[in-house]
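**Student:** This is the structure, below, for whatever I ask next.
The values are calculated or read from the model by the stated rules, or taken from the named source; none is laboratory data. The model shown is predicted, which means the values in this text are computed figures rather than measured ones. In case anyone asks, the SASA skips ligands and DNA or RNA and just uses the protein heavy atoms, side chains included. Shrake-Rupley method; radii C 1.70, N 1.55, O 1.52, S 1.80 Å.
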Amino acid sequence: MATEPIPLVDPVTLRVLIVDDEASVRKVMAAVLAQVGLRCETAASGGEALRVLKTHPIDAVISDLQMPGMSGLELLAKVKQSYPLMVFLMVTGVDDVRVGIQAMREGADDYLVKPLQVEANIVVASLTRALHVKRLEQEVENYRHHLEEIVAEQTAQLREALRQIERSYDHTLEVLGAAIDLRDSPTAGHSRRVFLYSIEIAKAMGGLESQMRNIAMGAWLHDIGKLAIPDAVLLKPGSLTDEERAIMQRHAQIGYDLVKGIPFLAEAAEIIFAHHERCDGSGYPRGLKTEEIPAGARIFAVADTFDAMTSDRPYRHALPFQTSREVIEQGEGKQYDSEVAKVFLRIPDETWETIRRETAAIQASAFATASDIHALGKLVKSGD
């Protein structure tokens with residue numbers, strides 16, 4: 001079966017098979033085409049034509065319609081089956097356009113009318129036009145044949161581009177998180193720890209796979225608003241005055257305003273906005289209650305309290321895990337979401353100790369890596 005592309009070539013390079021049961025017709029047609037340098041083979045019947053096609057490189061067939069044994073239409077059907085890209089011109093002795101149309105409906109590319117008082121350039125023009133059409137048909141067929149491969153390749157390229165964008169986003173988060181920890185040096189490593197604690201709690205709760213990445217980013221950037229808080233307030237070693245406390249509490253609103261306009265952080269911004277809300281409505285800045293608070297912010301509240309109590313601060317040493325557990329248990333349903341608190345209390349101390357140990361192994365100002373955040377993508381996909 002012919003599978004190679006048929007190029008649009010100069011007529012003198014075409015290879016033509018003339019099929020007619022009349023020897024005189026074959027000779028006349030061959031002589032006419034030879035005038036323009038066409039190379040011709042001849043066959044006296046349909047059967048002989050098929051044998052020639054098997055042994056000779058042929059670009060086009062010019063066949064008589066009425067022949068004993070195998071007719072031109074029967075030969076056309078066999079040629080189209082075995083050589084779908086072969087050009088086929090039908091020669092009819094009936095000066096009736098309906099015969100030519102019938103032949104073309106059955107697969108002929110064009111037709112010629114007997115008696116063959118034709119010029120070579122007319123035949124060449126018909127052949128060249130048909131070859132051009134065949135070339136276009138094959139290009140379409142090749143496109144269809146390779147469409148799945150093309151789509152798969154383009155899909156892979158798109159996915160890689162999206163991964164590059166995602167990695168770029170994650171590196172942006174790294175820089176932002178590092179800036180937060182460097183700004184608030186007494187709590188260095190805090191952003192990374194609450195990021196990991198929040199994810200651990202969310203995984204234990206289950207059903208939050210689609211929100212995991214937003215929870216992670218919200219926890220990671222929760223204190224970004226502190227970048228705008230004056231050093232005199234943010235780094236003050238003693239207790240804050242009421243005025244200073246009001247300034248400090250503005251960091252939730254500031255952080256939300258900084259992040260909400262970034263499309264890939266829009267949902268995380270809600271967690272940043274609500275990370276100091278409390279289930280009994282005593283939090284800030286909006287005094288939200290349980291169901292009004294985003295799930296990620298409710299999870300973060302427990303993770304944040306746990307880290308604050310179990311980390312060294314300028315005014316005290318880290319408290320034991322058990323002490324923080326008791327505080328969270330006492331605040332269940334009041335300061336903390338009951339379900340979140342229960343899940344947290346079921347997680348063994350070894351889990352938290354492992355996270356703290358791994359975090360401490362990195363330099364004091366360590367921050368989450370892009371791979372940490374990027375890994376959440378796999379977690380989300382596995383839960384879909």
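**Student:** How large is ³J(HN,Hα) for each residue in the range 233-244, as worked out from phi by the Karplus curve 6.51 cos²θ - 1.76 cosθ + 1.60 (θ = phi - 60°), to whole Hz, x for Gly and Pro?
**Tutor:** 8, 5, 9, 5, x, x, 5, 8, 6, 4, 5, 5
**Student:** Still on this model: What's the extension gain from MET104 to LEU147 if we count 0.36 nm per residue and subtract their Cα-Cα distance?
**Tutor:** Difference between extended and current length: 12.6 nm.
**Student:** Tell me which residues come under 5 Å, amide H to amide H, from GLY333 once H is placed; ignore anything under 5 positions away on its chain.
**Tutor:** Excluding prolines and chain starts, which carry no amide H, the hits are SER338.
**Student:** LEU112's amide H: which non-local residues (gap 5+, or another chain) put their own amide H closer than 5 Å, with H modeled 1.01 Å from N in plane and none for Pro or chain starts?
**Tutor:** The list, which skips near neighbours in sequence, is MET90, VAL91, THR92.
**Student:** Check which residues have an amide H placed less than 5 Å from GLU106's amide H, if you skip close sequence neighbours.
**Tutor:** Placed amide hydrogens put nothing under 5 Å from GLU106.
**Student:** Counting only protein heavy atoms and a 1.4 Å probe, tell me what percentage of the range 211-327's accessible area is made up of carbon and sulfur.
**Tutor:** 53
**Student:** I would also like to ask the following. Need the list of lysines near LYS80 for cross-linking: C-alpha distance under 30 angstrom, and skip anything on the same chain fewer than eight residues off.
**Tutor:** LYS27, LYS54, LYS114, LYS134
**Student:** Accessible area per residue for the range 227-348 in Å², computed with a 1.4 Å probe and the full protein assembly in place, what is it?
**Tutor:** On a per-residue basis, 50 Å².
**Student:** So for the range 265-342, averaging the separation of alpha carbon pairs under 8 Å that are six or more residues apart and normalising by length, what relative contact order in percent results?
**Tutor:** Answer for the range 265-342 is 27 percent.
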